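To start, the structure itself, in structure tokens.
The values are calculated or read from the model by the stated rules, or taken from the named source; none is laboratory data. In this text, all values refer to a predicted model and were calculated from it rather than measured experimentally. Please note: Cβ atoms are built from the backbone with ideal geometry, for glycine as well, and neighbour counts cover all protein chains shown.
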Amino acid sequence: MSEHIRLAEEDGVLEITFARPDKKNALTNAMYDAAREALESAQTNKAARVVLFTAEGSAFTAGNDLAEFASVANGRAGELKAHRFIEVLARAEKPIVAAVHGLAVGVGTTMLLHCDLVYVAETAKLSTPFVNLGLVPEAASSMLLPAHIGHVRAFAMFALGESLSGAEAAALGLANKALPQDEVVATARAAARTLAQKPARSVVSTKRLMRNAAMLLTRIGEESLIFEKCLKSDEAQEALRAFAERRQPDFSRFTS
């Protein structure tokens, strides 16, 4: 269990909290593993009827820890654990609620596409800047995000690195409500507790009917293969070096 993942269980709700506020909750392999294990255990824990994701500090999550990313890309570390976490999200049968009170980058946004109720701060910033890092979308977001907001908006988020405010995310159907920041977690907790009081079999069956897990997992697998190749590419290496050196990357010498 990672020290940066906190767990609490009350009133049928398992709350998984990203707790690395000094790094804007950037997700490490250890955090992915701990969150995955908690989410997996919730599926067989009869007392946990709903899973709720929250976060400490000013951000929901800044996405993957880029220092760890660079270590994997340069062969100095093992595999990224994000893929396994994402697969468990896609397979999860019990409902998932998210409270996004601040910045949500990369997987911080794409994981919301696998949540069943999402509450965001009006001022939250959601972004999926994969192309900026020489990468491609993950978590079946190449399929799910266009389905939610249309091809052109999704492409602008992926390829141009454009972001959405929480208010825009709610207006486009990515979230249930956009709220003042200090109301987000309480509202999400109340919704999760209400959901936990519903007939569990009906809730799980309804979620299963609404989602095609096999299709999502197929797309996740396709994305993962390309993502891993891209992570080893010269473009990704340049993007990661530029980030570390606090400069703009130069992709002009690379061809497709």
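At-a-glance table
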quantity: Criterion: part of a loop (DSSP other than H, G, I, E, B), under 24 Å from residue 206 (Cβ atoms) and of a type outside the set (Lys, Arg) - qualifying residue of 42, 38, 98, 48; calculated: 48
quantity: Matching residues in the range 205-216 - criterion: being over 20 Å from residue 135 (Cβ atoms), surrounded by 14 or more Cβ atoms within 10 Å (Cβ to Cβ) and not hydroxyl-bearing (Ser, Thr, Tyr); calculated: 207, 211, 213
quantity: Some residue of the range 147-158 being touching an Asp or Glu at 6+ places or on another chain (Cβ under 7 Å), under 30 Å from residue 234 (Cα atoms) and touching a residue at least 12 places away in the same chain (Cβ under 8 Å); calculated: no
quantity: Test: residue in the range 236-253 that is in a loop (DSSP other than H, G, I, E, B) and among the hydrophobic types (A, V, I, L, M, F, W, C); calculated: yes
quantity: Test for residue 179: is it within 17 Å of the chain's Cα centre (by Cα), more than 12 Å from residue 95 (Cβ to Cβ) and at pLDDT 95 or above; calculated: no
quantity: Residue in the range 83-95 that is crowded, with 21+ Cβ neighbours inside 10 Å, within 24 Å of residue 250 (Cα to Cα) and not hydroxyl-bearing (Ser, Thr, Tyr) present; calculated: no
quantity: Tally of residues being in a helix (DSSP H, G or I) and either of a type in the set (S, T, N, Q) or more than 21 Å from residue 142 (Cα to Cα) (or both) across the range 157-188; calculated: 9
quantity: Residue count for the range 1-35, restricted to those that are acidic (Asp, Glu), over 24 Å from residue 205 (Cα atoms) and under 17 Å from the mean Cα position of the chain (by Cα); calculated: 1
quantity: Only one of 104, 30 that is surrounded by fewer than 22 Cβ atoms within 10 Å (Cβ to Cβ), of a type in the set (Gly, Ala, Ser) and either part of a loop (DSSP other than H, G, I, E, B) or out of contact with any helix residue (DSSP H, G or I) (no Cβ under 6 Å at 6 or more places or on another chain) (or both); calculated: 30
quantity: Residues being surrounded by fewer than 24 Cβ atoms within 10 Å (Cβ to Cβ), outside any strand (DSSP E or B) and not charged (D, E, K, R) - total across the range 112-129; calculated: 5
quantity: Residues within the range 211-256 that are of a type in the set (Ser, Thr, Tyr) and under 19 Å from the mean Cα position of the chain (by Cα), tallied; calculated: 2
